[in-house]
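In what follows, a single structure is set out as structure tokens and then discussed.
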């Protein structure tokens, strides 16, 4: 009986190793720049909703576009409800969500966000992993405002760790 239990445990361990060996680990490190459109709200304490549009380049990915959105609490500086789509030049996508924090200074806004990769298409189909984004913007640079909307430029770095089947 003991021998059968050990043999079964060994088979489970080997099966787990084979399953892990079937995944490829891929790191995507990119730098992108673009613009965000921020809806500042009527009151200084209202959440700031931003929509981000950028182009970047990364080894193993090439040129890509990033579209993202998030909600920023101007009181706590918490970033929530973040979601992104990165699209490679050939149309393959990586999709994910994130949360994080922002820092506001008169001449610089910075942010750090992290979250899971939730899906993908093409060579990133069934991908799992994490995303880490750090970025900055200069709100005193030539931003354009209309009513409660503001359009500003930004630059950020994106690090994605993927497990591909």
Of the residues that make up region 59-70, is at least one at pLDDT below 95 and within 21 Å of residue 146 (Cβ to Cβ)? no
Any pair with Cβ under 9 angstrom, 6 or more apart, that starts in region 48-63 at a residue that is on the phi > 0 side of the Ramachandran plot and ends at one that is surrounded by 15 or more Cβ atoms within 10 Å (Cβ to Cβ) and modelled with pLDDT of 95 or more: 62/88
Residue count for region 1-51, restricted to those that are surrounded by 12 or more Cβ atoms within 10 Å (Cβ to Cβ), modelled with pLDDT of 90 or more and not in a strand (DSSP E or B): 2
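Please verify whether residue 54 is assigned to a strand (DSSP E or B) and within 16 Å of residue 136 (Cβ to Cβ), treating the condition exactly as stated.
Answer is yes for this residue.
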Of residues in region 101-124 being within 12 Å of the chain's Cα centre (by Cα) and without any contact (Cβ under 8 Å) to a residue 24 or more places away in the chain, the one nearest to residue 155 (Cα to Cα): 112
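Would you please name the residue that is surrounded by the fewest Cβ atoms within 10 Å (Cβ to Cβ), looking only at residues in region 68-94 that are farther than 16 Å from residue 111 by Cα and without any contact (Cβ under 8 Å) to a residue 40 or more places away in the chain?
Of region 68-94, the ones farther than 16 Å from residue 111 by Cα are 85-94.
Cutting the leftovers down to without any contact (Cβ under 8 Å) to a residue 40 or more places away in the chain gives us 85, 87-93.
Details: 85: 16, 87: 18, 88: 21, 89: 11, 90: 10, 91: 8, 92: 17, 93: 20.
Among residues in region 68-94 that are farther than 16 Å from residue 111 by Cα and without any contact (Cβ under 8 Å) to a residue 40 or more places away in the chain, the one surrounded by the fewest Cβ atoms within 10 Å (Cβ to Cβ) is 91.
Within region 126-147, track down each residue that is closer than 15 Å to residue 26 by Cβ and either surrounded by 15 or more Cβ atoms within 10 Å (Cβ to Cβ) or in contact (Cβ under 8 Å) with a residue 40 or more places away in the chain (or both).
If we filter region 126-147 for residues that are closer than 15 Å to residue 26 by Cβ, which is where we start, we get 126-132.
Listed by number, the residues that qualify are 127, 128, 129, 130, 131, 132.
In region 65-165, which strands (runs of 3 or more DSSP E) lie fully inside it and hold 3 or more residues that are more than 21 Å from residue 44 (Cα to Cα)?
Those strands (runs of 3 or more DSSP E) span 78-88, 93-105, 108-120, 128-137, 149-164.
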Does region 98-109 hold any residues that are surrounded by 13 or more Cβ atoms within 10 Å (Cβ to Cβ) and modelled with pLDDT of 95 or more, and which are they? 98, 99, 100, 101, 102
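The values are calculated or read from the model by the stated rules, or taken from the named source; none is laboratory data. Fair warning: this is a prediction, and the values are worked out from it, not measured in the lab. As a convention, Cβ positions derive from the backbone with ideal geometry for all residues, glycine included, and neighbour counts pool all protein chains shown.
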